1. For residue 97, which of the numbered conditions (1) more than 25 Å from residue 161 (Cβ to Cβ); (2) modelled with pLDDT under 95 fails to hold?
2. Does residue 16 qualify as being crowded, with 19+ Cβ neighbours inside 10 Å and in a helix (DSSP H, G or I)?
3. Collect the residues in region 141-175 that are within 30 Å of residue 284 (Cα to Cα), at pLDDT 75 or above and buried (at least 19 other Cβ atoms within 10 Å of the Cβ), keeping them in residue-number order.
4. Please work out which one of (1) closer than 24 Å to residue 212 by Cβ; (2) more than 21 Å from the chain's Cα centre (by Cα); (3) not acidic (Asp, Glu) is the condition residue 23 fails and give its number.
5. Which of the numbered conditions does residue 112 fail, given that it passes all the others? Conditions: (1) at pLDDT below 95; (2) on the phi < 0 side of the Ramachandran plot.
6. Being touching a His at 6+ places or on another chain (Cβ under 8 Å) and outside any strand (DSSP E or B) is the filter here, so list the residues in region 1-13 that pass it.
7. Return the pair list, or none, for Cβ contacts closer than 7 Å from residues in region 216-245 that are without any contact (Cβ under 8 Å) to a residue 60 or more places away in the chain to residues that are among the aromatic types (Phe, Trp, Tyr) and surrounded by fewer than 16 Cβ atoms within 10 Å (Cβ to Cβ), at least 6 apart or on different chains.
8. Of all residues in region 63-118, count the ones that are without any contact (Cβ under 8 Å) to a residue 12 or more places away in the chain and in a helix (DSSP H, G or I).
Amino acid sequence: MQVSVLIPVLNEGEALELCVPAMLAQRLEEPVEFIFAVGPCRDDSRERLERFAAADPRVRILDNPSGRTPDGLNIAFAASRGRHVARMDAHAIYPPNYLADAVARLARGDVAWVSGPKLPRAHGGASGAVALALRSPLGQGPSRRLARRGFSGWGECELDTGVFCGVWRRSTLERHGTWDPHWLRNQDSEMAARLLAAGERIVSLESMTAEYLPRATLRDFMRQYHDYGRYRALTLVRHRVARRRSHALAPGLVAALPLAAAGPRWLRAPARSSLAAWAGAVALETAAAARQGAAAADVARLAPCFACIHFGFGAGFWRGLGDVLMARLRRAASNQEGS
């Protein structure tokens with residue numbers, strides 16, 4: 001078996017009808033298996049997958065009782081047989097060369113992980129506005145896991161812990177470990193930090209760009225970025241190699257809110273200035289989207305989408321730091337009681 005593809009699934013519904021055919025259309029001469037680890041879905045995801053399995057013997061369906069993404073990935077990995085292992089998400093549409101390009105790049109040596117950026121694609125609801133926000137510089141920040149608007153022909157670039165799915169040699173995962181079950185979000189980032197700390201290289205190939213189906217409601221989008229921020233904080237505390245100055249921007253924006261309203265006088269002005277600068281940047285991006293012909297409904301939702309990204313991530317980040325502090329306090333109290 002050349003490649004085992006691991007796909008965690010929980011309530012993906014109609015997205016499977018777009019994503020699974022693209023997975024099965026991968027152009028690779030050697031054998032591939034697609035292992036779907038399915039959680040306790042509230043929709044018909046399992047029934048849809050069973051229809052794909054009946055038509056294609058490469059499709060395997062396993063149970064993931066917890067429904068948690070890292071558990072599903074680890075269950076699928078334990079059952080896999082490939083010399084290479086790929087992670088694909090059930091809300092992304094991968095190009096037919098995704099696996100072949102990754103395997104070829106791994107064969108050239110000097111890298112341990114080959115990935116590609118994700119390009120947000122509208123698919124109803126608020127997803128058009130979400131895609132606009134994620135494709136803008138203000139929504140992306142310095143991250144390279146999202147395809148950059150207006151950039152093409154870059155071929156290959158080095159990645160830090162900002163990664164989206166990818167392909168590994170099986171031996172790499174056996175050596176460094178798979179997905180930490182405590183990381184409900186940012187599992188790939190936490191694993192990337194381990195590999196980078198061990199001196200491994202991670203690269204992104206433009207040819208592996210996948211279309212990503214983002215959240216279709218602002219509530220779900222806000223929750224997603226809150227969770228990203230929370231687990232990013234946990235990753236930064238655990239792994240020094242993952243720390244970047246840019247990670248402080250969104251938490252700083254959240255901290256500016258109470259300071260601008262009721263902080264000490266010497267902090268009130270800079271806090272208000274930072275919030276005004278953010279609002280100005282959002283206004284400029286919104287105007288640019290309107291000039292470029294974006295749908296009026298998407299333009300109207302763009303400012304709330306940026307708020308979800310920055311304030312959601314920032315609030316989650318502070319929550320993650322609070323989780324770490326509380327865990328250390330409980331540990332200290334337990335040690336005192338034991339002594």
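The values are calculated or read from the model by the stated rules, or taken from the named source; none is laboratory data. Model, not experiment: these values are computed from the prediction. When we count neighbours, we look across all protein chains shown, and the Cβ atoms used for this are built from the backbone with ideal geometry, even at glycine.
1. (2)
2. Numbers: crowded, with 19+ Cβ neighbours inside 10 Å: yes; in a helix (DSSP H, G or I): yes.
Against the criterion (crowded, with 19+ Cβ neighbours inside 10 Å and in a helix (DSSP H, G or I)), residue 16 qualifies.
3. 159, 161, 162, 163, 164, listed by residue number.
4. (2)
5. That leaves (1) as the condition not met.
6. 2, 12 - these are the residues of region 1-13 that are touching a His at 6+ places or on another chain (Cβ under 8 Å) and outside any strand (DSSP E or B).
7. Final answer for the pair search is none.
8. Total meeting the criteria: 3.
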